[in-house]
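The values are calculated or read from the model by the stated rules, or taken from the named source; none is laboratory data. Since this is a predicted model, take the numbers as computed values, not measurements. All Cβ positions, even for glycine, are placed from backbone atoms using ideal geometry, and neighbour counts span all protein chains on display. Please note that ligands, DNA and RNA were not included when accessible areas were found on the heavy atoms of the full protein model with its side chains. Shrake-Rupley method; radii C 1.70, N 1.55, O 1.52, S 1.80 Å.
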Amino acid sequence: SHQFAVMLPGGTEPLIHARRCFREAVIADPSLGVWAEVDVDVVNAFPSMEWSAVDEAMREEVPELARWSEWCHRDAPIALPDGAVHRAGRGAEQGDPLGSVQCGAVLAGVRRRRTRAQAAAMGEGPSLTYDAWFADDGQVYTRPDLVELLLKTVDAELAKAGCTRGEMPDAKSSVTLVGHPDAALGDEWLSPYISCTCAVRAPNSATEVL
């Protein structure tokens with residue numbers, strides 16, 4: 001696979017094991033409180049990324065490849081069967097090694113700017129939000145009352161790159177409360193925005209990601 005990890009050296013294995021260990025610890029220990037397990041999944045991420053965002057991200061994240069990346073799509077007309085010419089303004093091709101680097105560079109910037117936006121909105125104090133990404137799939141643990149802020153800051157940065165998580169029923173993102181069986185696993189944190197853009201799963205239910 002050419003799906004290069006973003007902010008995660010070593011690929012999927014560390015993410016899978018860290019996620020499982022965190023979940024098991026929280027369910028076993030009531031003193032850790034209740035957490036929201038958020039699967040942030042971008043709809044058609046690779047073909048949706050605008051080339052202006054790709055160029056900016058490559059210059060920032062992988063400057064040694066930036067000029068080559070820009071040259072590859074600088075003039076990329078597509079000839080249609082009727083002879084017409086279509087010029088695309090977006091598209092980091094999935095399955096192409098360069099496409100994975102382009103996608104990863106864009107999402108690394110999205111993650112960094114989103115983190116800053118949340119910190120600015122919260123002011124002083126810990127963010128209580130921990131995330132790791134593999135390609136276009138982000139795994140996040142945060143407190144339930146911070147889920148909406150998390151999603152709104154993610155969505156704002158994704159939109160700047162031409163991407164979206166979409167809306168239900170087509171959205172692929174999900175939220176699952178995780179906590180000790182005796183903990184209060186209510187839905188007072190659940191807002192219309194969360195329900196519109198995420199599948200809300202039963203507390204402590206098994207989830208499949210990546």
Mean Kyte hydropathy of 0.0 or more with a Cα span along the axis of at least 30 Å, helices from DSSP in the chain: 97-122
Mean residue ellipticity (222 nm) of the chain, computed from DSSP H runs ≥ 4 via -39,500 (n - 2.57), nearest 500: -13500 deg cm²/dmol
For the stretch 24-112, the spread of Cα positions along each principal axis, largest first, Å: 65, 34, 19
Of all DSSP beta bridges in the chain, antiparallel share, percent nearest 5: 90 percent
With every protein chain in place, the chain: carbon and sulfur % of accessible area (1.4 Å): 55 percent
Per residue solvent-accessible surface (Å²) - the chain, probe of 1.4 Å: 52 Å²
Estimated Rh, the chain: Kirkwood, alpha-carbon pairs, angstrom: 18.3 Å
Selection of GluC sites (Glu not before Pro), the stretch 136-209, meeting DSSP coil and at most 15 other Cβ within 10 Å: 167, 188, 208
